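> The structure that follows is given in the form of structure tokens.
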Amino acid sequence: MTSSQWLTLIPLATLFTALSGIISVVVSALIAEFIRRRNRADAHASIVFTKRIEAYEKFYNLLNKQVISIQVFTGELSKPEEIKDAVSNSVYDFIDFASEHGFFINDDIAMSAVALNMGLDDYHNMSESEQEEYRERYARDRKNLIHMIRQDSGLAKINKIFKAAHDPKYQSDFIDLLNEKRAEVRKEEQERLRKKAVS
């Protein structure tokens, strides 16, 4: 008996049931594998995210411990050799940190921290207007660095999610004053940028 004759003996419904059973087993196996890989990727992502947050928290704390700029701006550090040593130590602190945590810290952000205090050793040789310009630029660079740390660590997005979920409303005389000052600073910055664009 030929294979075609055997097929005529098998009812079509039985053949369809067997084929659909095989297809179901294959599809189920593929879905299970996809879910297993997805769960493994999610578990790894959670571990990596935790490590990144820890590294960026240490980075942020190191940045806040660096008070060389304040010491230079206030005159607490004024001798050229003292300032040079302090700036060198600061630069090497960030280089060492970037080397140790380079697996999780963005290279560009780490190098921005390294460059932040460079130029402080020339501060006392500048004119008053140059010193003022340097202080403003330093404040902008430091603020931008903190912003980048918050963005790259994922903290900025998490804070937005929490804020949207809880919708907290903070009210105090100090916060109102702070918001007014922030608005003034934003207005001054926009005016400065506008003047720069015109000239």
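> Please give me, ordered by residue number, the chymotrypsin sites (Phe, Trp or Tyr not before Pro) of segment 153-182 that lie in loop per DSSP and have at most 15 other Cβ atoms within 10 Å.
On the way: sites: Phe162, Tyr170, Phe174; in loops: Tyr170.
In loop regions of segment 153-182 (DSSP not H, G, I, E or B), the sparsely surrounded chymotrypsin sites (Phe, Trp or Tyr not before Pro) are Tyr170.
> So, one more: Per residue of segment 48-56, what does 6.51 cos²θ - 1.76 cosθ + 1.60 with θ = phi - 60° give for ³J(HN,Hα)? Whole Hz please, x for Gly and Pro, Karplus curve as stated.
Whole-Hz 3J(HN,Hα) from phi for segment 48-56: 4, 4, 4, 5, 4, 4, 4, 5, 5.
> Hey, if you put +1 on the Cβ of every Lys and Arg and -1 on every Asp and Glu Cβ in segment 127-199, which of Ala197, Leu177, Ala164 ends up farthest toward the positive end of that dipole?
Ala164
> For segment 54-194, with only Lys/Arg (+1) and Asp/Glu (-1) charged at the beta-carbon, what is the dipole magnitude about the Cα centre, in debye rounded to 20?
Taking the Cα centre of segment 54-194 as origin, the dipole is about 760 debye.
> On to the next question. Take the Cβ-Cβ distance between Phe49 and Ile70 as r, set R0 to 22 Å, and report the resulting FRET efficiency rounded to the nearest 0.05.
0.10
> For a label point 7 angstrom out from the Cα of Ala115 toward its Cβ, which stretches of segment 153-180 have the backbone nitrogen within less than 20 Å?
153
> Right, here's the next one. Sort Lys187, Lys84 by accessible area with a 1.4 Å probe, largest first.
Final ranking, largest accessible area leading: Lys187, Lys84.
> Determine ³J(HN,Hα), in whole Hz, for all residues of segment 66-78 in sequence, where each value follows from phi through the Karplus function 6.51 cos²θ - 1.76 cosθ + 1.60 and θ = phi - 60°; x replaces Gly and Pro.
7, 10, 4, 4, 4, 5, 6, 5, 8, x, 4, 10, 10
> If you don't mind, another one. In terms of solvent-accessible area of protein heavy atoms at a 1.4 angstrom probe, what is the ranking of Ser112, Ser90, highest value first?
Output order, biggest surface exposure first: Ser112, Ser90.
The values are calculated or read from the model by the stated rules, or taken from the named source; none is laboratory data. Note that the structure is predicted; figures quoted are calculated from it, not measured. Note that we place each Cβ from the backbone using ideal geometry, even for glycine, and neighbour counts take in every protein chain shown. In case anyone asks, the SASA skips ligands and DNA or RNA and just uses the protein heavy atoms, side chains included. Shrake-Rupley method; radii C 1.70, N 1.55, O 1.52, S 1.80 Å.
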